[in-house]
Each structure stands twice: as structure tokens, then as C-alpha cells.
Amino acid sequence: PGLRSRGLAVRELAEARDPDAYVSALDAARYASMNLVWNDDRGRVAVAYTRREDRTLEIERLSRGVHVLCNDRLGAEGFPRGERLRAGIEDALEQRIEWPALAERLASLLGDHTRVDPPPSHLPTELARELTATCIHSPFYGTRSATLIAAAPGRLIDYLHADGPPCTTPFIDRRPLLEGP
């Protein structure tokens, strides 16, 4: 209550003439904590970590390669699902799987229920174990949707969205939302 919608930050970022300046000016205290990823007109990708509790905003520029962002910072410990997902994506790329077969493989990876013994946590053991899956199902927390976007310089290849857990919800073509009139 009383916080600005993070969805507004996403929309405003998409509309910003200078995305870097927009993100740099965000007031972390006005939003629930979030991770915000964007690219600029030179193809550079960055992630901003805003943390309301600490009133901090940190921006990290990403190198080329596969990056999987879970519920913390890139590379944060305690997210085996992120490590598995990154390895699965890298494997598919090494096999030179092309679109749309790559989209099918990625959708399968996003719907994966593999669970492992959880790292030490303040959470109950069963919930912590559930959180090691890529597609999470729990009475307290779960995967609500999934998106696959394929882009090349200057063009959108595909935008697929599952408006529900990707293990049971089909991915629908949403390119018209990004292509404009």
C-alpha cells in the first residue's frame, strides 16, 4: 500500500527516450524492491536492482552471454534453478538449435519441476525445496507466467507468453503488442 506500481516503471522505461537516464533517476523508496532489465540503442543490456528497504539503486552492465536472473542479483547463491536453466539454455545454443525448435526447448526448461536439496534457508524445508524448481507450485508462492522473446538487432523475431505456469499453459504469440501499429 502506498507504493508506486512496478508495472508503471516498466511501461515508462519502455517509453523513455533515454532509458539509462530514466533508470538512474528511479527512487527506490517509491517501489517494492525489483530487478529491472533493459537494453539501450547500442545493444548494451543492464539490470538495475532497486531495494526499497535500503533505498538503494544499483546498475550492472551485462557482458555477452546467457544470464539468468532469479529473485535476487545475478550470480547470487542459493538459486539452483537459475544455474540449471542457464546450463540448459547454453546446451541448446551449443547444439545450434534454431527457432522455433529453440522456443520449444526453452518452454520446456521454464516448465521444469526438478527439485534438489535446498541450500540453508530461513524457510520451511518443503517450501525451500519447492523453490529449487524452475516452475514453482506452492500454496504460498508460485510461477504465474513465462515469456520468451527472441530479437535480433533492429527486429523482433518472436514474443511468446504463457499467462500461467509454463508447465500447463500454452505459449501464445504476443508479437503485436511490441510491433506497434
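The values are calculated or read from the model by the stated rules, or taken from the named source; none is laboratory data. In this text, all values refer to a predicted model and were calculated from it rather than measured experimentally. Quick reminder, even Gly has a Cβ in these numbers, built from the backbone with ideal geometry, and neighbours come from all protein chains shown. Heads up: the accessible areas ignore ligands, DNA and RNA and are worked out on the full protein's heavy atoms, side chains in. Shrake-Rupley method; radii C 1.70, N 1.55, O 1.52, S 1.80 Å.
At the listed q of 0.15 Å⁻¹, the Debye profile of the range 35-142, built from one uniform point per Cα, gives log10 I(q)/I(0) equal to -0.80. Taken per residue, the accessible surface of the chain reaches 65 Å², heavy atoms only and a 1.4 Å probe. Annotation for the range 1-83: trypsin sites (Lys or Arg not before Pro) lying in DSSP loop with at most 10 further Cβ atoms inside 10 Å of their Cβ are R17, R42, R64. Considering helices alone, the calculated mean residue ellipticity of the chain at 222 nm is -8000 deg cm²/dmol, with DSSP H runs of length four and up weighted by -39500 (n - 2.57) and normalised per residue.
Extension gain for D41 to L3 (0.36 nm times residue separation, less C-alpha to C-alpha distance): 10.7 nm. At q = 0.16, 0.24 Å⁻¹, work out log10 I(q)/I(0) for the range 57-104 with the Debye formula, treating every Cα as an identical point scatterer and leaving solvent out; two decimals please. Each listed q corresponds, in turn, to -0.55, -0.95. Annotation note: GluC sites (Glu not before Pro) in the range 1-55 located in DSSP loop regions with a Cβ neighbour count of at most 11 within 10 Å are E53.
The label-point distance for S121 and I149, in a model that sets each label 7 Å from Cα toward Cβ, rounds to 2.8 nm. Computed from the C-beta positions of R17 and E58 and an R0 of 25 Å, the FRET efficiency is 0.60 to the nearest 0.05.
The figure for I149 is an accessible area of roughly 100 square angstrom, using a 1.4 Å probe on the protein chains alone. When Rg and Dmax are taken over the Cα atoms of the chain, they come to 17.2, 50 Å.
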